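**Q** Supplied in structure tokens, the structure appears directly below.
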Amino acid sequence: MTFDNAQIMYCLGLIVVASPVLLFCLLGLTSLVDRPLTEQATSRVVQITINMGLLAAVIQLAMMLPLAQPHVPISLGNWVDIGQHEKAPRKSHAARTEAVHHETHDGATASEVTVDETSESHTELPHYHFLIKFIFDRLSVPFVILTFILCATIGAFATRYMHREPGFNRFFVLFAMFMLGMIITSLAGSIETLFAGWELVGLSSALLVAFFQERSAPVRNGLRVWSVYRFSDAALLIAALTLHHMTGEGDFEKLMGKDNLSWPMQVTDISTYQAFVVGMFLLLAAAGKSALVPFSGWLPRAMEGPTPSSAIFYGALSVHLGAFLLLRFSPLLDQSIALRIAVTALGLVTAVFAFLSGRAQTDIKSALCFASLTQVGIIVAEIGVFSGPYRYIPLIHILGHGCLRTLQFVRAPTILQDYRVLENAIGNRLPRLPGFWERLIPENVRSWLYRFALERGYLDSYLNDFVVGPVLRLFRHCDGLERRWTNFLTGATSRDSKRIDSSAATLEDL
């Protein structure tokens, strides 16, 4: 029995997807039955499954390059399949007239009957289907390899960093969920598959921010992160529904695979207006997931989680997921100049904001997260500026920045100790000379910029005042209206559930 190259690449693709599924199921099921693996067994399982997926992805890439096959789709059928592309017969008015004539006149000829049969019109029944599909191309495979490499690095680091931590097993279950979401999102060949992975990444991220649940601050910050992610997910869902309305399905090949071109040379048939509408929803989704302005406030809050999760999520992979989404839908940018301008402008504004905010941070993890955000803003701007083969530039930027920032986050706990040892050796604080901009900018302007950076651009205050506040007031009004109607209809006091605190001004207070 012989296997051709297509079958081998199909099997390798299944291994890439199956390895994180196996890890998540193994760790999750053992925890579900209250028989968690030991720390040593967990470490081995994590390394084995990640290395298995990494090896399959590398072999897949090694086969794609010499075979000049830049696009390998793997379809696993439909999640939902409602209706079929069947043609329902519907007789026209003329056909019905002929039928009556045939019935009322016995002398009707056969040709009249033939006219009756051939004059039927047809109506297509609606067909909705959600496709499970994965694509191995020049965008997804490098991102998958980056995911496996960094997850293997953080997995090895976390087994020692989280040693004897009460939540050791819980951390690795959420870690496996995150890796599964990243693999699904990276390889998604349809927007439904991408949304499933997108949700897994968001859920695992929020739960790991609130990992130290015995303290109130991580839980509040996890809620804040989850709220921003909900907004991002809603924007992506609206984009998916819009694509289904415009094209009838969410298959990336049919949406952006005109003339059988592969990324980054793909083109799309949709109009400029349609590309702008869908692209703006996708830009909102990317802004929420990658902490772009005005949603940048959740990123430093996410540092409440363990250092390994901060490194892999908000330094390397999760924070780049919005940029990856824009790269995947880059043909839409080519259709709309206005959309490209919006993407570029948002990236540049985010980069400047993150640079200023990072200069005023007093803890190393917050400084690193704003340094990451600065680079993410530049990457987003590159996506808006470059087109065609030049989109390899932001992809290479993502790969290099992810590796560098992971190393810095992992090194962060020990570098503080090294600084203390060095300062003790010299008997004084390390000297810090003023930079070029500090010498150039006047004192009053520097004071204003420092206040602006220290308050992180007042973004959280603006969101609380103009978004969270109005929503909370609306919910309070609806709750009061419901209670009044309940009291009126029952003639008694409304339910005994806890009333909403009217003094709550923010989402955390509520």
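The values are calculated or read from the model by the stated rules, or taken from the named source; none is laboratory data. Quick caveat: nothing in here was measured; it's all calculated off a predicted structure. Glycine gets a Cβ as well: all are built from the backbone with ideal geometry, and neighbour counts include every protein chain shown. In case anyone asks, the SASA skips ligands and DNA or RNA and just uses the protein heavy atoms, side chains included. Shrake-Rupley method; radii C 1.70, N 1.55, O 1.52, S 1.80 Å.
**Q** If you take the residues of segment 324-352 that are at pLDDT 95 or above and in contact with a Gly (Cβ under 6 Å, 6 or more places away or on another chain), which of them is farthest from Gly402 (Cα to Cα)?
**A** The selected residue is Leu339.
A quick yes/no check of all residues on (1) surrounded by fewer than 16 Cβ atoms within 10 Å (Cβ to Cβ); (2) without any contact (Cβ under 8 Å) to a residue 40 or more places away in the chain:
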position: Leu23; (1), (2): no, no
position: Leu27; (1), (2): no, no
position: Ser31; (1), (2): yes, no
position: Thr38; (1), (2): yes, yes
position: Ala41; (1), (2): yes, yes
position: Leu76; (1), (2): yes, no
position: Val80; (1), (2): yes, no
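**Q** Residue check: is Ala217 under 30 Å from Gly167 (Cβ atoms) and modelled with pLDDT of 85 or more? Outline the logic, then answer.
**A** On the way: under 30 Å from Gly167 (Cβ atoms): yes; modelled with pLDDT of 85 or more: yes.
For Ala217, the condition - under 30 Å from Gly167 (Cβ atoms) and modelled with pLDDT of 85 or more - is met.
**Q** Quick check on my filter: what residues within segment 308-339 are touching a Phe, Trp or Tyr at 6+ places or on another chain (Cβ under 7 Å) and open to solvent by 10 Å² or more (accessible area, probe 1.4 Å)?
**A** Across segment 308-339, the qualifying residue is only Ala338.
**Q** (1) more than 25 Å from Ser216 (Cβ to Cβ); (2) at pLDDT 75 or above: which one isn't true of Arg495, the others all being true?
**A** The number of the failed condition is (2).
Quick grid of which residues meet (1) modelled with pLDDT under 85; (2) exposed (fewer than 12 other Cβ atoms within 10 Å of the Cβ):
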| site | (1), (2) |
| --- | --- |
| Ile378 | no, no |
| Glu382 | no, no |
| Arg391 | no, no |
| Leu407 | no, no |
| Arg411 | no, no |
| Asp418 | no, yes |
| Leu422 | no, yes |
| Phe436 | yes, yes |
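**Q** For Ser227, indicate whether it is among the small types (Gly, Ala, Ser), under 17 Å from the mean Cα position of the chain (by Cα) and open to solvent by 10 Å² or more (accessible area, probe 1.4 Å). Break it down stepwise before answering.
**A** Working: among the small types (Gly, Ala, Ser): yes; under 17 Å from the mean Cα position of the chain (by Cα): yes; open to solvent by 10 Å² or more (accessible area, probe 1.4 Å): yes.
Yes: the conditions hold for Ser227.
**Q** What single numbered condition from (1) open to solvent by 50 Å² or more (accessible area, probe 1.4 Å); (2) over 19 Å from Gly457 (Cβ atoms); (3) polar (S, T, N, Q) fails to hold for Thr362?
**A** Checking Thr362 against (1) open to solvent by 50 Å² or more (accessible area, probe 1.4 Å); (2) over 19 Å from Gly457 (Cβ atoms); (3) polar (S, T, N, Q), the one that fails is (2).
**Q** Give Ala275, Ala210, Ala286 a once-over and let me know the one that is of a type outside the set (Asp, Glu) and within 16 Å of the chain's Cα centre (by Cα). I'd like the intermediate steps shown before the answer.
**A** Details: Ala275 fails: within 16 Å of the chain's Cα centre (by Cα); Ala210 fails: within 16 Å of the chain's Cα centre (by Cα).
Sole residue among the options that is of a type outside the set (Asp, Glu) and within 16 Å of the chain's Cα centre (by Cα): Ala286.
**Q** Ser290 - would you say it is of a type outside the set (Val, Ile, Thr), in contact with a helix residue (DSSP H, G or I) (Cβ under 9 Å, 6 or more places away or on another chain), over 22 Å from Ser140 (Cα atoms) and crowded, with 24+ Cβ neighbours inside 10 Å?
**A** no
**Q** I would also like to ask the following. Phe134 fails exactly one of the following numbered conditions: (1) more than 29 Å from Tyr10 (Cβ to Cβ); (2) touching a residue at least 12 places away in the same chain (Cβ under 8 Å); (3) not in a helix (DSSP H, G or I). What is the number of that condition?
**A** (1)
**Q** Here's something else I'd like to know. In this structure, does Glu112 turn out to be modelled with pLDDT under 90 and either in contact with a Leu (Cβ under 9 Å, 6 or more places away or on another chain) or open to solvent by 80 Å² or more (accessible area, probe 1.4 Å) (or both)? Walk me through it before giving the result.
**A** Values: modelled with pLDDT under 90: yes; either in contact with a Leu (Cβ under 9 Å, 6 or more places away or on another chain) or open to solvent by 80 Å² or more (accessible area, probe 1.4 Å) (or both): no.
In short, no.
**Q** Let me ask something additional. Please work out which residue is farthest from Gln335 (Cα to Cα), limiting yourself to segment 275-296 and to residues that are among the small types (Gly, Ala, Ser) and in contact with a Gly (Cβ under 6 Å, 6 or more places away or on another chain).
**A** From segment 275-296, those among the small types (Gly, Ala, Ser) are 275, 279, 285-288, 290-291, 296; that's our starting set.
Next, from what is left, pick out any that are in contact with a Gly (Cβ under 6 Å, 6 or more places away or on another chain): 286, 290.
On the way: Ala286: 19, Ser290: 23 Å.
Across segment 275-296, the extreme among qualifying residues is Ser290.
**Q** Condition check: buried (at least 19 other Cβ atoms within 10 Å of the Cβ) and among the acidic types (Asp, Glu). Does Asp269 satisfy that?
**A** Details: buried (at least 19 other Cβ atoms within 10 Å of the Cβ): no; among the acidic types (Asp, Glu): yes.
It is false that Asp269 is buried (at least 19 other Cβ atoms within 10 Å of the Cβ) and among the acidic types (Asp, Glu).
**Q** Give me the pairs: first residue in segment 150-171 and farther than 17 Å from Gln213 by Cα, second residue in a helix (DSSP H, G or I) and among the hydroxyl-bearing types (Ser, Thr, Tyr), beta-carbon distance under 6 Å, and six or more apart or on different chains, which are they?
**A** The qualifying pairs are Leu150/Thr406; Thr159/Ser43.
**Q** Moving to a separate point now. Taking the stated definitions as given, is Thr362 part of a helix (DSSP H, G or I) and β-branched (Val, Ile, Thr)? Working first, answer last.
**A** Working: part of a helix (DSSP H, G or I): no; β-branched (Val, Ile, Thr): yes.
No.
Residues are listed down the side, and each one gets a yes or a no for (1) touching a Phe, Trp or Tyr at 6+ places or on another chain (Cβ under 7 Å); (2) not in a loop (DSSP other than H, G, I, E, B):
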position	(1), (2)
Gly13	yes, yes
Ser19	no, yes
Arg35	no, no
Val45	no, yes
Leu55	no, yes
Gln69	no, no
Gly77	no, yes
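**Q** Could you please let me know if Leu208 is farther than 30 Å from Cys25 by Cα, open to solvent by less than 10 Å² (accessible area, probe 1.4 Å) and assigned to a helix (DSSP H, G or I)?
**A** On the way: farther than 30 Å from Cys25 by Cα: no; open to solvent by less than 10 Å² (accessible area, probe 1.4 Å): yes; assigned to a helix (DSSP H, G or I): yes.
So Leu208 does not fit the description; no.
**Q** Next question, about the same structure. Checking the condition closer than 25 Å to Leu223 by Cβ, open to solvent by less than 80 Å² (accessible area, probe 1.4 Å) and within 37 Å of the chain's Cα centre (by Cα), which residue from Leu454, Leu463 passes? Outline the logic, then answer.
**A** Numbers: Leu454 fails: open to solvent by less than 80 Å² (accessible area, probe 1.4 Å).
Leu463 is the lone residue from the list that is closer than 25 Å to Leu223 by Cβ, open to solvent by less than 80 Å² (accessible area, probe 1.4 Å) and within 37 Å of the chain's Cα centre (by Cα).
**Q** Still on this structure, please answer the following. Among the residues of segment 137-191 satisfying the criterion of being among the charged types (D, E, K, R) and not in a loop (DSSP other than H, G, I, E, B), which is most open to solvent (accessible area, probe 1.4 Å)? Spell out the reasoning first.
**A** Of all residues in segment 137-191, those among the charged types (D, E, K, R) come to 137-138, 160, 164-165, 170.
Now restrict to residues that are not in a loop (DSSP other than H, G, I, E, B): 137, 160, 170.
Working: Asp137: 2, Arg160: 178, Arg170: 87 Å².
Ranking the qualifying residues of segment 137-191, first place goes to Arg160.
**Q** Residues of segment 340-354 being over 19 Å from the mean Cα position of the chain (by Cα) and buried (at least 24 other Cβ atoms within 10 Å of the Cβ), which ones?
**A** Step one: filter segment 340-354 for residues over 19 Å from the mean Cα position of the chain (by Cα), giving 340-342, 344-345, 348-349, 351-354.
Answer for segment 340-354, where residues must be over 19 Å from the mean Cα position of the chain (by Cα) and buried (at least 24 other Cβ atoms within 10 Å of the Cβ): just Ala354.
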